[in-house]
Amino acid sequence: MIIGYRDFALHYGYKGFRLRACSNAYVWDVGVNEAQCSHGPEPASDHLAAGSCTCGFYAYKERSQLNRFTPLHGAVLLWGKVIEHEFGYRAQFAQVESLFLPEIATCQKASHSAHPADLHVFIDMRPIDPFTACSACLSQLLDSPGICEFCWQSLSYNEVLSELARTYSVSLIRQRG
């Protein structure tokens with residue numbers, strides 16, 4: 001098994017909070033995730049090593065490669081057919097190994113740094129993905145004309161990370177900003 005590092009987006013649905021891939025709509029399962037072919041229903045194992053194949057779970061080799069503007073970072077275990085690239089890996093199987101609790105996080109509403117204790121996860125009850133917002137940006141957003149305050153829900157960022165760690169049965173590790 002190989003340990004890789006990846007960025008995650010937040011997803012909120014009928015099962016509660018889940019991890020979502022940043023580059024597509026894939027919502028990570030609890031436990032083992034097996035890559036599927038992006039062109040059909042068969043598993044990606046048959047052609048994962050082909051040069052033209054883009055199927056699989058991607059991860060960086062180093063934590064330092066993670067994008068500081070994504071709301072979540074984590075370590076993943078990779079195995080099965082694994083293709084090594086210059087900066088990372090693409091694997092047949094993956095499982096979330098741990099999530100990182102940053103010292104500095106990003107307010108996605110205004111793309112600036114904020115202390116995680118000041119961040120809220122903003123959930124639109126309509127079908128869009130949640131995003132992080134600091135207290136100041138959250139207040140501005142809620143004071144905007146035409147905003148229906150009953151269509152939104154705000155939760156503590158740290159509480160959401162803790163809930164995700166419980167859901168995926170992984171550690172929540174403090175990291176330096």
Original post:
In straight Cα distance, which lysines are under 28 Å from Lys61, not counting same-chain residues fewer than 8 positions off?
Top reply: Lys81
Subject >> ³J(HN,Hα), Karplus 6.51/-1.76/1.60, whole Hz, each residue of the stretch 98-110, x for Gly, Pro >> reply: 6, 10, 9, 9, x, 7, 10, 10, 10, 6, 5, 5, 10
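Only the coordinates and a few stated rules stand behind these numbers; no lab work does. This one's a predicted model, so the numbers in the text were calculated from it and none came from an experiment.
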